[in-house]
Amino acid sequence: MNILEGKIVSLKKVDDFLSINVEANGKIFSAVVLDSEALSWAKSGERANIIFKEMEVMIATQSSRVSARNAFVSKIKEIETGELFANVVFDFDGEEISSVITKHSCEELGCAEGGEFIWFVKSNEVTIQKGGKSGR
């Protein structure tokens, strides 16, 4: 599980959804979640954790164009390859972001340690959790 600590910078309620923007490591992450009582704590300025699964992190070359708002260029720190999958670990300003992709895709993209790639996660695949010391 990828977890980044940040601060809520904006919220917008639309119908039954809540669009939340969280700043982490100087970058803005977007999440679109169902509005619920469980998110009553969420207000601008509150600490929040951004949580997303490794299987939800996609990878692209730097020349690719993607529609995801959460798209960031980072260096590959480490690659662990199995028979079917590859776990690609990015250095995101000192934080580790893991992406699990197929071994074939890893090879086809030419992923290598030290290489810079775009990693991205769709805003509807991001979970928001109250931040602070108890959040992690």
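Read the figures in this text as sums done on the coordinates, not as results from a lab. As the structure is a prediction and not an experimental result, all values here were calculated from the model. As a convention, Cβ positions derive from the backbone with ideal geometry for all residues, glycine included, and neighbour counts pool all protein chains shown.
In the chain, taking the dipole from charged Cβ atoms about the Cα centre, the farthest positive-side position among Cys106, Ser63, Ile28 is held by Ile28. The alpha carbon centroids of region 1-42 and region 85-116 are separated by 26 Å.
Each of Ile118, Ile50, Ile3 has some number of other Cβ atoms within 10 Å of its Cβ, and from fewest to most they run Ile3, Ile118, Ile50. A Förster distance of 41 Å, applied to the separation of the beta-carbon atoms of Asp35 and Glu113, puts the FRET efficiency at 0.50. Dividing the mean sequence gap of close Cα pairs (under 8 Å, 6+ apart) by how many residues region 2-135 holds gives a relative contact order of 30 percent. Neighbour counts of other Cβ atoms within 10 Å put Val22, Val100 in the fewest-to-most order Val100, Val22.
Counting neighbouring beta carbons within 10 Å and listing from fewest to most, the residues Ser74, Ser63, Ser44 come out as Ser63, Ser44, Ser74.
Using 13 Å as the cut-off for backbone N distance, which residues of region 88-105 belong to the label zone defined by a point 7 Å from the Cα of Met55 along Cα→Cβ? From region 88-105, the list is 100-102. The shape of the chain comes out prolate: with a ≥ b ≥ c from the C-alpha gyration tensor, a/c is at least 1.5 and a/b beats b/c. Distance between the pseudo-spin-label points of Ile28 and Asn124 (7 Å out from Cα toward the beta carbon): 2.1 nm. Its Cα centre serving as origin, region 2-135 has a Cβ charge dipole (Lys and Arg +1, Asp and Glu -1) of approximately 580 debye. For the residue pairs Lys43/Lys77; Lys12/Lys53; Lys12/Lys75; Lys43/Lys122; Lys53/Lys77; Lys13/Lys75, the alpha carbons lie more than 30 Å apart in Lys43/Lys77; Lys12/Lys75; Lys13/Lys75.
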